[in-house]
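Written out below as structure tokens is the structure these notes cover.
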Amino acid sequence: MQAFSPDAQILNSIVGGCRGLHSLTLNCLHLDNLSLGVILGTHLQELNLLSCSLLSYQVFTSIGEACPNLRVLVLELVDQCSTEAFKTNLDQMLNGCLCLESFSLKIRGREVGANAFQSIDFFLPSALKSMKLQSVLEQDVIRLMDKIRVGADRNSVQTAHVSIPVSPLSSVFTLQRLSLVLDAISDELIMAISRNLPTLVELDLEDRPVKQPLPNHDLTNTGLQYLASFHHLMGLSLIRSRHNQQVSFKRVNDMGMFLLSEVCKGLESVRLCGFSKVSDAGYASILHSCLKLKKFEARNAFFLSDLAFLDVTEFQCSLVEVKLLSCSLITSETVKQLTRSRVLEVLDLCGCRSIADSCLGSISSLRSLSMLNLAGADITDYGLSVLAQGIPSITHLCLRHCERVTDEGISFLFHGGGTIRKTLSALDLGHMPRISDKAIFTIAMAGTEIIELCLRHCSVTDVSLDCLAMRKTFRDECKLLRRLDLLNCTGLSVNSLRFLKRPSFPGLHWLGIGGTPLVSKGYPTLSKIHNQRPWLTICLEGCEMGCYDGWQFHRAGYPQ
């Protein structure tokens with residue numbers, strides 16, 4: 001139940017009789033601590049509680065007491081600025097869930113380093129194999145690593161009389177996957193993790209510093225060398241980014257990438273963001289040395305160009321996922337190289353503005369491709385006509401900011417005779433000034449599989465909303481639209497609110513209408529619609545579709 005957020009009464013009627021439930025995913029946007037009593041119990045082995053805006057830290061204790069057999073737990077909570085309550089309740093839960101193998105905890109706060117995780121001091125079950133914490137302070141993680149080491153040392157003393165050699169860490173804490181969102185990534189942090197968690201298979205670190213870190217408190221080439229301690233590392237993600245802030249790993253250059261590629265040749269997944277001093281040589285060393293690489297992502301790589309991917313398929317024939325985001329020097333030549341990997345499933349070129357029609361013929365031959373992002377690319381209607389005749393089974397397509405594409409291009413896409421018209425379920429046409437009601441009519445009539453549609457900043461009118469509301473009537477095989485983004489579609493009038501009332505859009509779960517006359521002039525009607533359709537999230541802000549991570553800070557008093 002992730003797609004909608006039930007209240008306590010609905011939850012009780014749906015789940016109350018399912019006492020043998022082993023796995024449950026629940027959107028808790030409208031649920032409090034008392035509401036969860038009906039779902040907790042010894043039968044649960046996997047529990048995912050998302051968007052918990054009303055739950056207090058007492059939920060930790062409730063889970064620990066009621067769910068001793070829990071193996072997988074995901075929690076998204078709100079920072080309540082009560083460090084002692086957080087520590088006490090979290091410790092009780094972890095002591096009660098001794099079978100826990102995977103634990104993900106996200107504390108929603110406006111800033112990384114919100115005080116929930118300050119002075120980490122809690123028990124970690126020895127069965128734990130995967131842990132994700134957001135957001136946490138770098139120094140707190142280093143202290144946690146030291147405590148793990150102390151625990152290992154104690155265990156080695158206690159087992160010293162055993163004649164068979166036993167690895168202290170393996171008998172205390174053998175974490176395999178660690179994911180952290182921090183205030184800063186530094187050499188000291190990498191050293192502490194590598195020294196105390198040598199069994200890691202996946203390491204995912206993201207920082208969002210408020211300013212550029214000081215030279216002696218940052219990640220450098222030396223820090224990357226510490227990764228040599230991870231003999232089984234298969235996945236590595238190092239990301240530095242902050243909205244509207246120019247921050248990057250300025251003390252890592254090509255030499256750091258050379259060292260990384262030498263000590264981590266077994267990597268199958270690499271994600272890098274914010275390495276502003278790394279050039280083609282550094283990225284190429286990873287592509288050429290990590291022969292098992294299946295997933296590669298580079299973001300904001302200012303010096304990454306086609307040269308890094310020259311003859312890449314001679315080394316990499318097993319690439320399944322490639323994401324090159326905001327890499328301004330990448331052109332269609334790189335795409336042609338990558339499409340030689342016939343197993344490619346995901347190709348994300350968001351912000352690569354030099355991508356043009358010339359590579360779409362190569363993309364159209366990728367039978368396994370399911371996700372394609374061409375946001376900001378310099379493609380035209382002709383390019384879409386080529387793609388529409390191909391064989392890819394694309395389910396998700398993003399054309400945002402492709403300003404040269406017109407209504408005719410959308411017509412080509414759905415009437416080209418290829419596979420995409422039968423498989424496309426999510427389409428993003430945001431910020432495309434040449435898209436009008438004519439294109440939306442084509443989608444409503446021919447896009448039978450479409451369940452997510454983004455039209456933000458498009459020149460559409462009430463006619464488009466009418467077509468989308470009636471598409472099921474015109475063609476019974478059309479699937480129900482689940483998400484619709486109309487942000488800043490100023491051509492809509494307040495009269496179009498009638499299309500949002502029952503029985504129109506029966507399957508709609510999320511609607512974005514910020515910046516439209518529907519908000520400025522139609523608030524009373526919106527409130528009635530919200531009361532009439534409690535499953536529908538109406539976002540009046542500028543959130544991305546679905547609201548990022550399923551929830552967001554919205555203005556008080558507005559329907560959500």
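The values are calculated or read from the model by the stated rules, or taken from the named source; none is laboratory data. This one's a predicted model, so the numbers in the text were calculated from it and none came from an experiment. Cβ placement follows ideal geometry from the backbone for every residue including glycine, while neighbour counts extend to all protein chains displayed. Surface areas here come from the heavy atoms of the whole protein model, side chains and all, with no ligands, DNA or RNA. Shrake-Rupley method; radii C 1.70, N 1.55, O 1.52, S 1.80 Å.
A few remarks follow.
- Of the set (1) within 29 Å of the chain's Cα centre (by Cα); (2) surrounded by fewer than 22 Cβ atoms within 10 Å (Cβ to Cβ); (3) part of a loop (DSSP other than H, G, I, E, B), all apply to CYS458 but (2).
- Qualifying residues in region 39-88 (those that are assigned to a loop (DSSP other than H, G, I, E, B) and polar (S, T, N, Q)) - the one surrounded by the fewest Cβ atoms within 10 Å (Cβ to Cβ): THR42
- Among residues of region 398-423 being surrounded by 23 or more Cβ atoms within 10 Å (Cβ to Cβ) and part of a loop (DSSP other than H, G, I, E, B), the one that is farthest from the chain's Cα centre (by Cα) is VAL405.
- Filtering GLY223, GLY256 for residues that are farther than 24 Å from CYS327 by Cα, of a type in the set (Gly, Ala, Ser), part of a helix (DSSP H, G or I) and open to solvent by less than 10 Å² (accessible area, probe 1.4 Å) leaves a single hit, GLY223.
- Single match in ARG242, ARG251, ARG208 (criterion: touching a residue at least 60 places away in the same chain (Cβ under 8 Å), open to solvent by 30 Å² or more (accessible area, probe 1.4 Å) and over 26 Å from VAL312 (Cα atoms)): ARG208
- Residues satisfying the stated conditions in region 430-455, i.e. more than 18 Å from ARG404 (Cα to Cα), not in a strand (DSSP E or B) and not β-branched (Val, Ile, Thr): PHE441, ALA444, MET445, ALA446, GLY447, GLU449
- Residue match in region 308-319 (condition: open to solvent by 10 Å² or more (accessible area, probe 1.4 Å), of a type in the set (D, E, K, R), closer than 25 Å to LEU372 by Cβ and at pLDDT 95 or above): no
- Candidate set from region 473-499 (those that are surrounded by fewer than 20 Cβ atoms within 10 Å (Cβ to Cβ) and of a type in the set (Ser, Thr, Tyr)); member that is nearest to the chain's Cα centre (by Cα): THR490
- Scan region 351-390 for residues that are of a type outside the set (Ser, Thr, Tyr), within 22 Å of ARG434 (Cα to Cα) and open to solvent by 40 Å² or more (accessible area, probe 1.4 Å) and the total you get is 2.
- From THR395, THR334, residue being more than 19 Å from ILE435 (Cβ to Cβ), open to solvent by 10 Å² or more (accessible area, probe 1.4 Å) and free of Cβ contacts under 8 Å to residues at least 60 places away in the same chain: THR395
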